[in-house]
Every structure is written in structure tokens, then in C-alpha cells.
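The values are calculated or read from the model by the stated rules, or taken from the named source; none is laboratory data. Computed from a prediction, not measured in an experiment: that's the story for all the values here. Positions of Cβ are generated from backbone atoms using ideal geometry, with glycine treated the same way; all protein chains shown enter the neighbour counts. Protein only, heavy atoms only, side chains kept; ligands, DNA and RNA dropped before computing areas. Shrake-Rupley method; radii C 1.70, N 1.55, O 1.52, S 1.80 Å.
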2 protein chains.
Amino acid sequence: MKIVTVLGARPQFIKACMLSRLLQDDDTINEIIVHTGQHYDKNMSDVFFTQLQLPAPDYNLGAGSGSHGKQTAAMMIHLEEVINTEKPDIVLVYGDTNSTLAGSLAAAKLHVPVAHVEAGLRSFNKRMPEEINRVVTDHLSSILFAPSQAAVDHLAREGIRDGVYQTGDIMYDAVLHYKEKAFHQSDIFERLQIEAKDYYLATVHRAENTDEPNRLQNILKAFQHLDKKVVFPLHPRTKRALEKGNEGTHSNILFIEPLNYLDMLVMESQAKMILTDSGGIQKEAYMLRTPCITLRKETEWEETVREKWNTLLDPADPAEWSKAVANIKVPSSYTPLFGDGNTAGQIYRIVNNLPFTTS
Amino acid sequence: MKIVTVLGARPQFIKACMLSRLLQDDDTINEIIVHTGQHYDKNMSDVFFTQLQLPAPDYNLGAGSGSHGKQTAAMMIHLEEVINTEKPDIVLVYGDTNSTLAGSLAAAKLHVPVAHVEAGLRSFNKRMPEEINRVVTDHLSSILFAPSQAAVDHLAREGIRDGVYQTGDIMYDAVLHYKEKAFHQSDIFERLQIEAKDYYLATVHRAENTDEPNRLQNILKAFQHLDKKVVFPLHPRTKRALEKGNEGTHSNILFIEPLNYLDMLVMESQAKMILTDSGGIQKEAYMLRTPCITLRKETEWEETVREKWNTLLDPADPAEWSKAVANIKVPSSYTPLFGDGNTAGQIYRIVNNLPFTTS
Ligand SMILES: O=c1ccn([C@@H]2O[C@H](COP(=O)(O)OP(=O)(O)O)[C@@H](O)[C@H]2O)c(=O)[nH]1
Ligand SMILES: O=c1ccn([C@@H]2O[C@H](COP(=O)(O)OP(=O)(O)O)[C@@H](O)[C@H]2O)c(=O)[nH]1
């Protein structure tokens, strides 16, 4: 069986690593990895390939820049060529980026079945580009790997019932696999001169927060007034936004470059609390039992809010902040939400049993 | 209010004409017409603008050629620029072509509400590029004009309930408006040297029929054996396919260029029967009470089959043909299925009452 895997953005490298390992180890499966180039900075891309032992991409499309339309268009054109050349049995896409959308559109139009890992997520906010990418990809997919019952339910409500498999969350596999290793290898505490439980970890990169200067400034203002230092690895988009204009004092904020995955796991698990608008980091906070504040009005990961480990906070309203942060309690109960840590294995078996010709 | 209308293919010019007239007559509405260039032959495009008095496009994108991916990509890039320049309150798209998909994707990503005319149609066959375009567009639209109860039901089954309006079918407006005129103006019978009820009218252009040489040859073979002459206006895609290879005798087939709309209405209404894989022509056959055979395994217009005016015939199976055609009876009953002929008026009123700023 031949699989074309489409990757492009940081969270996709992390989602792909555990499954790609299984696919590459199987001699009957030929996995072709395509990197769209959506993320191309060394510390947003290369470092993950090395650290997570992802095989080097067979194709590098270099379609990383431009508006949503331009980026997606460039990816589609190149992906169509790759699919026509490779003639895979399935195209495998992850998550909700423009690379996911371009991969699923190109494949579906060429009649190649699309398999979507992390299917069924919904924020119900169509102003998020990610929500558009998800919804479209799910409706173009024939094989849908849903991380949770909620995801399965969302799909069912949109009439998608065939080809849906509830497999747990593949990011949980990676957390379990890399956590111990992270603690052994990472020297991030020394490098940053910080101590466990004595800092907040923050990330911000959703368009809704970075593209409105006011919101981003509000977020920084609130970080400045928290009772502990805020370590803030800057996503390239956020960095660009801050370079455009950035007033006020930020003596309480430690701006750093994006972290590699092992350093990130250590930082997440030892933070007093995480403040983020990232989808993946909300989940990892839960998996690592670190309380989380999500800097958005809604989330795709409602379960974590219901379990009280995650709290939504509208960044438009910084007055609420210090109060909210001070009031957050570490819940005493914990329900496993993201499967058994063998999601990659389940997906691998399902893919392996699909009725395709071996090529 | 400012509206960007995205058109590109023949059926979209016909769908747009009745509504555009109302929009253009309203001084408070500024309709900008964008022609993607998907259809660019004179007799697939210009003739409809002239005959149906569609205003000349404000933008001509010239994105007509290339594979699905390339075509859609080129359209997206240009449409994004147009939307950024014009800053419309809504983007209006029609039907299910690549122009529809590109328009809705570009608009949704720029947070401009998409209004979809002919929403909710489904063939449930994802191998049809049109099915992909429809499903994606409906999930990206905030205002959905569904031609029938079945379309409303399809949308509901996919969780789309907000912003859905059942308005009837806008092509029915055009049929009613142009039918009399057609009989007065058209000299198509003289030009073709044929007589009413003494010919079959055929059109074929779906990828599933044109891209498989065998299927197309089967269709021609069956046409050759029918008991009356088959008048066959050739879609450019079908013409190209036939130029690539075309064996056998076709003395019973009258291949002609695509017809203008008025000639087409006359030909449809006076045919003994219509044989087609076109969506629009299946409906027009019903509206004009001409029995129809649909050269596909499934149809989006199930109602017409249920009412027995339309019969599905798998072109893979030419042996069945002459029997099937001979057995078709003109039904004695007729139920109006496509609204009251004032769909454009209804859509106009709904659009006009949307809560947008006048610009
Ligand atoms: O500096 C960082 C920030 C995030 N991540 C990892 O990247 C993934 C989340 O990606 P991101 O927040 O960019 O995207 P999202 O999850 O919101 O789609 C998670 O596994 C994080 O642990 C990382 O390794 N270094
Ligand atoms: O030679 C022709 C063939 C079709 N049509 C009209 O074009 C529309 C249907 O378009 P088409 O079959 O190309 O596309 P579909 O409806 O299948 O999307 C209908 O209004 C037809 O009357 C036309 O005017 N001349």
C-alpha cells in the first residue's frame, strides 16, 4: 500500500511522528512524506524532524508564504502533481491547517481516498481559518480518525457516519513516549534560569489574537500583571505582529524562541499554569495535569473545560484576568479523555486492513 | 449593500440572469460581477451574457484552463484579490462548479458571508467533482438558498439549519421568462432541418462520461441505434474527448455546436425525449414536460425520477438502451416541483433584508 502523508505545520510533525514510525517499519507500506513548507523556520520545522525522528520529506513544496488563498492555492497545485506522480492508495492529512485543506481538496478531486487524523473537532466559529479547514476536510474524507466521543458526535451531527473510527488522540501517544526522555535530556530550566511551578507558560498564535493589535496588547498587559514570570515562546506570526508595534513594559515576560518538543513538554508539565490559544497545548496541559487558561471565547476541546482543568478567558477583557488566574484551582479529580496512548497503533491497524491493492 | 457575484460556467450565467436583473435595478445594491473564465468559448459564455442581458463582468479572471487543482487555485488567488479590493458585504455563488468552490473558499477565509444559490443538492457520489464543490460550498455558506424540500432536508442532515431558505428553483424563473420569446425568435428547426417530436435531444459532459472513452463510445453506439435522429450539441469537454478517438458510424447523430439558451429551450420543449447527464437539463426537461433519460447511475434531482418524468440509465450498459427508451411512457400526471417561478424575487428580498451596512 502506498500512502502520501501531507505535513506542513508544527503540530502536524508532532501528530505524525508516532504513526509514521509504524508505517515506515512496515515493509508492505510505502509512506511518501510531503512537506508543504507552511512552517519553514528551523525551530518550527527541522528541529521536530530531527528530535522526533521523522523521516526527511520526500517532497518539499516550499509553499509557505502568502495569504490564505495564495498559500492554499500553491499547495494544491503542487500536491496535485505529487498525487498524480505517486498514485497513492490514500492521502493522509492531520489536523486543521491550510496544508490539511489543500491535501484533502487535491486528493478528493483526484478520487484518492482521504484519511483525516484528528477528525470531528469543532469550535463552531467560522471566523477561525482552522474551523473552515476542519469542516471541509472532514466532508472530503473517507476515513476519519476521531480523537473523542465528542468528535464522533460532531461528525454524526453533520451526517458523517461511515468510515469514522474513534481512536483516541495521537498527541497523547507522543506525550507518553517522550515525557521521560524529555526530563532526562532537557536543560531548559538552567538555560532560562527558572524553577518548577514558579512560572507561567504562555503561547499565542491564533489569527484572532495576533491580527488584532489591541487584543495582543491586552494579553501582554495582563501577562505583565501576573504574580509569576511568564515564559512566552513566540510563534513566528506573533513575533511579526509584535515587531509591528508593541508598547508598554514587559519586565515580567520572558520572550523566547519556539521550543523544541522535549523542552516544551518539560515546560508544560512543570508550569504553575499554562496560558494559551493553541489547540495542542490545551490538550497537553490536560495530559500533563497542568491547569490551563485558554485565551479564546470557545474551544474545540470542551471536555477539558468540563473537567475543570481548562478555563476559557476572553482576551478582550484584561480586567478580569488577575482575578481569574488567582481563582483557578487545581482540580482534585482527573478523567482520562484522550484514549489509551496507543492511538497510532489503532490507526495503523485500521489503515493496514483497508481493502487496497498492495503497490 | 455591495455584492460580489462569482460566475464562470454556462449554467451559472443562466441561473444568475433573473436575480442579477433585480439586483442591478436596485440603486441601494452594488453588484460586482466576476467572471472566473471557467467557460470562455464564445458559445459557452458571451452568447449568454448578450441573450440574457447579463451585465458585462466587472472582472475577468481568465482562469479557465488546467486541472481541477490548478484551475481552482488560480481562481482562489484572483478572487481573494477581488474581495480584498471590493470589500463586499456578501459573496454570491451559484451551483456546483470549481468557480463556486473557489468563490466560497476565498470569501470564507476573508470572513465575508457566502450566499449559495442552489444549496443542498446531493448526488451522494464523491467521485463527481460537482459533489465535492457542493458539499464544501454549503458548509462554507451562511446564507443558503435551497430549491426544494429535499435540498433543505439534505442540509439539515448535515447539521446545516441556520440561514437556509427554501426558495424554489431559479432556473424555473428563466424558463418561464424566456419560453415564449424563444418560440418567437428561434429558427433552430429550419437551421437543423428537423421537426417537432421527431428527434431526441442529447447532451453529455459529466467527467464520468467524457473521461472514460469506453463509456462515451457506448453512449454514441446507443444513440446510433435509436429510432429517431439524435441532436447532440457538443460541450467543449465532450468535443475534445471525441477528437481523441471516435470509431463507428454516427449517421443517426447530428453533432452541433452548443446552442444559445433560446434555441435550447425550443429544442428541449419539442424533443420526443431528452437524453442527458446535465443537472440543469434534467430540470428543464421536467419544467417543459419532456420525458428525460439521465445517463448516470444517480441524480441530484430525485424528485423528477419519483414523478416518473426522468429515468436513470447507466451508460455502461448499452444493451439495455433501446428497450429502455422504447418503454418510456409520458406520465399522465404532473406535480410542480420547482417553486412558483419567482425564486429570484424571493432571494432578492431575503438578501435585501440582511442586516448589512449600505455601502
Ligand atoms: O514552542 C513550542 C510551542 C509548541 N510546541 C508544540 O507544538 C504543538 C502545538 O502546536 P501549535 O500550538 O503551533 O498549534 P495548534 O495545536 O494550535 O494547532 C504541541 O505539541 C506543542 O507541545 C513546541 O514544541 N514548541
Ligand atoms: O447547448 C446547450 C446546452 C445547455 N444549455 C443550457 O445550459 C444549462 C445547463 O448547463 P450544463 O448542462 O452545461 O450544466 P449543468 O446543469 O449540468 O451544471 C441549461 O440551462 C441548458 O438549457 C444551453 O443553453 N445550450
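Return the residue satisfying two criteria in turn: it lies in the range B:136-151 and is without any contact (Cβ under 8 Å) to a residue 40 or more places away in the chain and under 16 Å from the mean Cα position of the chain (by Cα), and of such residues it is farthest from the other protein chains (Cβ to nearest Cβ).
B:Ala146
Results for (1) outside the structural domain of B:Gln185 (by TED's automatic domain parsing); (2) of a type outside the set (Lys, Arg); (3) under 13 Å from B:Val34 (Cα atoms); (4) crowded, with 22+ Cβ neighbours inside 10 Å, shown as yes or no for each residue.
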position: B:Pro55; (1), (2), (3), (4): yes, yes, yes, no
position: B:Ile83; (1), (2), (3), (4): yes, yes, yes, yes
position: B:Lys87; (1), (2), (3), (4): yes, no, no, no
position: B:Val93; (1), (2), (3), (4): yes, yes, yes, yes
position: B:Thr97; (1), (2), (3), (4): yes, yes, no, yes
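Can you confirm whether the range A:79-101 contains a residue that is small (Gly, Ala, Ser), in contact (Cβ under 8 Å) with a residue 24 or more places away in the chain and under 16 Å from A:Thr5 (Cα atoms)?
Yes.
If I go through the range A:109-124 residue by residue, how many of them are under 26 Å from B:Met75 (Cβ atoms) and open to solvent by 10 Å² or more (accessible area, probe 1.4 Å)?
Counting residues in the range A:109-124 that are under 26 Å from B:Met75 (Cβ atoms) and open to solvent by 10 Å² or more (accessible area, probe 1.4 Å) gives 5.
So which of B:Ala146, B:Ala174, B:Ala202, B:Ala207 is touching a Pro at 6+ places or on another chain (Cβ under 9 Å) and either open to solvent by less than 10 Å² (accessible area, probe 1.4 Å) or among the aromatic types (Phe, Trp, Tyr) (or both)?
On inspection, the qualifying residue turns out to be B:Ala202.
Please state which one of A:Asp96, A:Asp58 is more than 9 Å from chain B (Cβ to nearest Cβ), among the charged types (D, E, K, R) and touching a helix residue (DSSP H, G or I) at 6+ places or on another chain (Cβ under 8 Å).
Answer to the selection: A:Asp96.
A:Ser67 is checked against (1) more than 9 Å from chain B (Cβ to nearest Cβ); (2) surrounded by fewer than 20 Cβ atoms within 10 Å (Cβ to Cβ) and fails just one. What number does that condition carry?
(1)
Any idea which residue in the range B:25-53 is least open to solvent (accessible area, probe 1.4 Å), counting only those that are polar (S, T, N, Q) and either without any contact (Cβ under 8 Å) to a residue 24 or more places away in the chain or farther than 30 Å from B:Asn353 by Cβ (or both)?
So the residue we want is B:Ser45.
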